[in-house]
1. Cα-based Rg of the chain per 2.2 N^0.38 Å, rounded to two decimals?
2. What would the Debye formula give as log10 I(q)/I(0) at q = 0.15, 0.21, 0.24, 0.29 Å⁻¹ for the alpha-carbon point model of region 1-68, no solvent?
3. Given H placed on each backbone N at 1.01 Å, which residues far from Phe64 in sequence or on other chains put an amide H within less than 5 Å of it?
4. Contour minus end-to-end for Asn273 and Phe5, with contour as 0.36 nm per residue of separation and end-to-end as the Cα-Cα distance?
5. Under a 1.4 Å probe, what is the accessible area of region 158-208 per residue, stated in Å²?
6. Grab the Cα-Cα distance for Asp288 and Gln195, subtract it from 0.36 nm times how many residues apart they are, and report the gain in nm with one decimal.
7. How much length is gained on full extension from Glu300 to Glu144, taking 0.36 nm per residue of separation minus their Cα-Cα distance?
8. Can you pull a Stokes-Einstein diffusion coefficient for region 83-200 at 25 °C (0.890 mPa s), Rh from Kirkwood over Cα pairs, as a whole number of µm²/s?
Amino acid sequence: MQDHFGRRIDYLRISVTDKCNLRCKYCMPPGGVELIPHEEVLSLEELARVTGIMAGLGIRNVRFTGGEPLVRKNLVRLIEAVHEMEGIQEIALTTNGVLLEEQLPALLQAGLTAVNISLDTINPRIFQEITGVDACEKVLSAIEKSAASGIRTKINCVPCREWNEGELAEVAGLARQLPVDVRFIELMPVGCGRQFHGIPTGEVLERLAARYGTARPLADGVKRGNGPAQYYEFDDFIGKIGFISPMSHKFCGECNRIRLTAEGRLKLCLQYNTGVELKPLLRHGASDEEIRAAVLEAVEQKPMHHDFEQTAEAGSAQDSDSRKMVQIGG
Ligand code: SAM
Ligand code: SF4
């Protein structure tokens, strides 16, 4: 399917829960968010139905996120179901990694093809300061196991003045020791992210170059996955270093994605509220054809670009989504 601006939409991010076992300061308020009542969260069957309809419309890549997707019971069953769907080429997971090691064998068996693990520091004390939980060693161990299993493994790190400015070279160093890519993602002024200060890509690159020598950009067009990351290589590194720069280098012109929230809202842009509620259709007897029509009509309205720059300056933009990142799924 294509949107109004001719962008091909083939990537669906599904938030399977708004619950999380961490409390990252830039994502969730300290007391947590008000959770969606259980009955309002789409069931695994409903999620599978929507995904199947979307696969019929041209979705090729599905990513499960959250909250923390691995706290959702029986996620493996959904992965198995999506794995069976015609047209699906990639099934990926974005996780904080805390529960990954124990679930990895079942996830691989079910058909998972790629995993992104979020990690902002390899220092256990700072990890606990950011996330509120002492689980750094667990996540590092999961990263090693994931890399060793052969599944495509990426690390996502959000550089932030407030806590991990001095930690970035250490996180990047994981790509020196292991066959993993490490990506630095600019902090976006969404939810709690508004209170903190991200570090722009250019500065992170300088910091890494000071430690590891000059970075060589991968030739234009060399894609590693479906995302908007720009990749670099450093001497003696096994993996690559990527940068996702929604603030300093807007990539909306190439945006290929839509998002489904845990309560069944199809969201067309990370920033804005535009979209359609699929749950009433799913629960009130709509046919696949009716749901397909609703999705296509919504996709037509995908905004041309985000306006996070203005949001960062002005505090909030009109009709911006007021939800926290943990409720949207990143
Ligand atoms: N719990 C899972 C995890 O942490 O990977 C999946 C959901 S989390 C919302 C997805 C990603 O969004 C994480 O990599 C997290 O660091 C990132 N994130 C959260 N808030 C953000 C913000 N304001 N700007 C940029 N990235 C953010
Ligand atoms: Fe949870 Fe992921 Fe948000 Fe951290 S970034 S609080 S792990 S949802």
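The values are calculated or read from the model by the stated rules, or taken from the named source; none is laboratory data. Every value quoted in this text rests on a predicted model; they were computed, and no experiment measured them. Every residue, glycine as well, gets a Cβ built from its backbone with ideal geometry; the counts of neighbours run over all protein chains shown. To get the accessible areas, we keep the full protein, side chains included, count just its heavy atoms, and leave off ligands, DNA and RNA. Shrake-Rupley method; radii C 1.70, N 1.55, O 1.52, S 1.80 Å.
1. Working: Rg = 18.9 Å, N = 330, 2.2 N^0.38 = 19.9 Å.
So the Cα radius of gyration is 0.95 times the expected 2.2 N^0.38 Å.
2. Debye curve over Cα of region 1-68, log10 I(q)/I(0) at q = 0.15, 0.21, 0.24, 0.29 Å⁻¹: -0.64, -0.93, -1.02, -1.24.
3. So Phe64 has HN proximity to Ile14, Ala92, Leu93, Thr94.
4. Working: separation 268, 0.36 × 268 = 96.48 nm, distance 1.84 nm.
Net length gain for the segment: 94.6 nm.
5. Numbers: 1810 Å² over 51 residues.
The answer is 36 Å² per residue.
6. Values: separation 93, 0.36 × 93 = 33.48 nm, distance 4.20 nm.
This chain segment gains 29.3 nm when fully extended.
7. Numbers: separation 156, 0.36 × 156 = 56.16 nm, distance 4.18 nm.
The span from Glu300 to Glu144 would gain 52.0 nm if fully extended.
8. Numbers: Rh = 15.0 Å.
Translational D for this selection: 163 µm²/s.
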